[in-house]
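Novice: Could you have a look at this structure, given as C-alpha cells, before my questions?
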Amino acid sequence: MKRIDRYIIAKFLGTYFFSIVLIISIGVVFDFNDNIDRFTESHAPWRAIVFQYYLNFIPYYANLFSALFVFISVIFFTTKMADGSEIIAMISAGISYRRLLVPYMVSAAIIAALSFFLGAEVIPRSSIKRLAFENVYKKREKDPTYAEKVQLQVEPGVIAYMEHFDGISKTGIHFSLDKFEQKKLVSHLSAYSAGYDTLSDVRYQWHLRDVTIRELRGMREKITHYDLVDSVIRIEPRDFLFIRNQQETMTVGELREYIEKQRNRGSGNLSVFEVEYYKRYASPFAAFILSSIGMSISSRKRKGGLGLALGIGIGLSATYILLQGVSATFSTNAGMHPALAAWIPNILYTLIAIYLYRKAPR
C-alpha cells in the first residue's frame, strides 16, 4: 500500500464517519423534537430514553442508511480532489483508472465488514430493547403476551397443540403431542400444563404436569399416567407468539435456524424472515457498488461542481434504498423469491456501475 492509497483511504473513511455523526445527530434532534410529547405523556424515564432508545437508535439507522453515507462520502471528497486537479495529477503520473479504484475498494471492504458485523450480530440484539421501548412509550402497543389454540409441527410426524399459552410465565394449559407413523397415530401425550424452563442449560426443556401417554400398537393400547415429566420438545415460547418486526431482533444464525425449523414444520409464508436473512448478506455489498459509481461520477471536473455531483449521488442512493423496500414488498406480497428480492438492487446497480466505470476514463 502506497502513500496515495493511505491518503485516499483516510479521506474516504474520515468523510464517511464524519457524515454519519453529522446526519445521525441531526436525525436524533428531529426525532426527539417529534416525539417529546409522547415521551412526556407516557412518562418515559430519561434513562430509558437515552440508553434504551437512542443508544440503540443510532447504530440501527446508521447501518440502515450506510449506502447513503458511502455515496455522499465518495462524491464529496472525490469531487474536491477533482476540483483541486489531484485526480488529473495522479493519472498524469501514470496511475491507471483501475489502480486508482483500489483504495476505494479497500475502504469499501472495511465498511462492508463493519456493516455486516453490526447487521448480523450487534443490531439484532439492540433492536430488542429499542422495539420494546417504542411499543411501550411511542406506539403505546404491547407485543402479544398470550396465544389461543395453537397447533404446529414440531418435526415431521409430530404435532403439538396448546389450548392457551401465557408468554409472561411461559406456561400453557391443555397441551398435547401426537406422533404419527405412515399417517397413523401411534402415540398421544396430553398434559394439563406445560412450562418452559428458562433456567435450564438444556435447550427446549419443558416441565409437563398431570401427564397421560397413550401408546397405540395395532389393536393394543397402553395408557400411562405421570404427575410430572421433564421432556425435551423442540419448541420454544416464541414459536407460539408472533411479535411485530421479530425478524429484526434475530441474528443471522437465529434467522437461519428459525427459517429451517419453520420449513420443517410446514409453516406458510416465511418471506419476511427470508428476505431479512438474505438482505443481511446483500446490503454490505452496496459499499463496493456505490463506491465505484460515486468515484466514476465525481472523478472529473464538472461545471456544476460539488452541487451537481452531490445531487446525482443523493438521487441514486435514495433510489437504491427505495428499491430495497419495493423488492422486499414484492417478495412478501407477490411471491418473488426472497433471495432475488434482496439482491435485485445490487444486480441493477452493478450494471450501472459497470457502465459508468467504462465510460469514466473517456
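The values are calculated or read from the model by the stated rules, or taken from the named source; none is laboratory data. In this text the structure is predicted, and so the values were computed from the model without any measurement. Cβ placement follows ideal geometry from the backbone for every residue including glycine, while neighbour counts extend to all protein chains displayed.
Novice: Those residues that are of a type in the set (Gly, Ala, Ser), at pLDDT 85 or above and more than 16 Å from Ile159 (Cα to Cα), I need them from region 173-221; list them, please.
Specialist: Filtering region 173-221 for residues of a type in the set (Gly, Ala, Ser) gives 176, 187, 190-191, 193-195, 200, 218.
In the following step, the residues that additionally are at pLDDT 85 or above were identified as 176, 187, 190-191, 193-195.
Ser193, Gly195, listed by residue number.
Novice: Among the residues of region 168-187, what is the count of those that are touching a residue at least 40 places away in the same chain (Cβ under 8 Å) and out of contact with any helix residue (DSSP H, G or I) (no Cβ under 6 Å at 6 or more places or on another chain)?
Specialist: Here the count works out to 2.
Rundown of residues vs (1) under 30 Å from Asn135 (Cβ atoms); (2) of a type outside the set (A, V, I, L, M), yes/no style:
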site	(1), (2)
Ile26	yes, no
Asn35	yes, yes
Arg38	yes, yes
Ala67	yes, no
Thr79	no, yes
Val106	no, no
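Novice: To continue, here is another question. Assuming Asp178 fulfils every condition listed in (1) within 25 Å of Glu260 (Cα to Cα); (2) loosely packed, with under 14 Cβ neighbours inside 10 Å; (3) not small (Gly, Ala, Ser) apart from one, which condition is it?
Specialist: So Asp178 meets the others, but not (2).
Novice: Let me ask another. Would region 46-67 turn up any residue that is small (Gly, Ala, Ser), in a helix (DSSP H, G or I) and either surrounded by fewer than 15 Cβ atoms within 10 Å (Cβ to Cβ) or not assigned by TED's automatic domain parsing to the domain that holds Gly311 (or both)?
Specialist: no
Novice: Still on this model: Restrict the check to region 220-240 and report whether at least one residue is more than 21 Å from Leu177 (Cβ to Cβ), assigned by TED's automatic domain parsing to the domain that holds His164 and outside any helix (DSSP H, G or I).
Specialist: no
Novice: Residue under question is Ser115, and the condition is that it be more than 23 Å from Gln246 (Cβ to Cβ) and surrounded by 16 or more Cβ atoms within 10 Å (Cβ to Cβ); does it hold? So that I can check it myself, show each step before the final result.
Specialist: On the way: more than 23 Å from Gln246 (Cβ to Cβ): no; surrounded by 16 or more Cβ atoms within 10 Å (Cβ to Cβ): yes.
Answer is no for this residue.
Novice: Checking the condition at pLDDT below 90 and touching a Gly at 6+ places or on another chain (Cβ under 8 Å), which residue from Ile72, Ile87 passes?
Specialist: Being at pLDDT below 90 and touching a Gly at 6+ places or on another chain (Cβ under 8 Å) holds for just one of Ile72, Ile87, which is Ile72.
Novice: Next question, about the same structure. May I ask you to list the residues in region 1-45 that are polar (S, T, N, Q), part of a helix (DSSP H, G or I) and either in contact (Cβ under 8 Å) with a residue 24 or more places away in the chain or within 30 Å of Ser96 (Cα to Cα) (or both)?
Specialist: Thr15, Ser19, Asn35, listed by residue number.
Novice: Which residues, counting only those in region 74-108, are without any contact (Cβ under 8 Å) to a residue 60 or more places away in the chain, on the phi < 0 side of the Ramachandran plot and outside any helix (DSSP H, G or I)?
Specialist: If the condition is that a residue be without any contact (Cβ under 8 Å) to a residue 60 or more places away in the chain, on the phi < 0 side of the Ramachandran plot and outside any helix (DSSP H, G or I), then Gly84, Ala93, Ser96 are the ones that fit.
Novice: Please find, among Glu134, Glu121, Glu155, the residue that is within 30 Å of Leu68 (Cα to Cα) and at pLDDT below 85.
Specialist: Result: Glu134 is the single residue among Glu134, Glu121, Glu155 that is within 30 Å of Leu68 (Cα to Cα) and at pLDDT below 85.
Novice: Among what's in region 151-207 and is among the charged types (D, E, K, R) and part of a strand (DSSP E or B), pick the residue that is nearest to Arg238 (Cα to Cα).
Specialist: The extreme case among them is Asp166.
One line per residue, one yes/no per condition, for (1) among the basic types (Lys, Arg); (2) modelled with pLDDT under 80; (3) surrounded by fewer than 19 Cβ atoms within 10 Å (Cβ to Cβ):
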{"site": "Leu255", "(1), (2), (3)": "no, no, no"}
{"site": "Ile259", "(1), (2), (3)": "no, no, no"}
{"site": "Asn269", "(1), (2), (3)": "no, yes, yes"}
{"site": "Tyr277", "(1), (2), (3)": "no, no, no"}
{"site": "Ser283", "(1), (2), (3)": "no, no, no"}
{"site": "Arg300", "(1), (2), (3)": "yes, yes, yes"}
{"site": "Gly305", "(1), (2), (3)": "no, yes, yes"}
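Novice: Which one of these is closer than 24 Å to Glu257 by Cβ and exposed (fewer than 14 other Cβ atoms within 10 Å of the Cβ): Ser200, Ser169? It would help to see each step written out before you state the result.
Specialist: Working: Ser169 fails: closer than 24 Å to Glu257 by Cβ.
Result of the check over Ser200, Ser169: Ser200.
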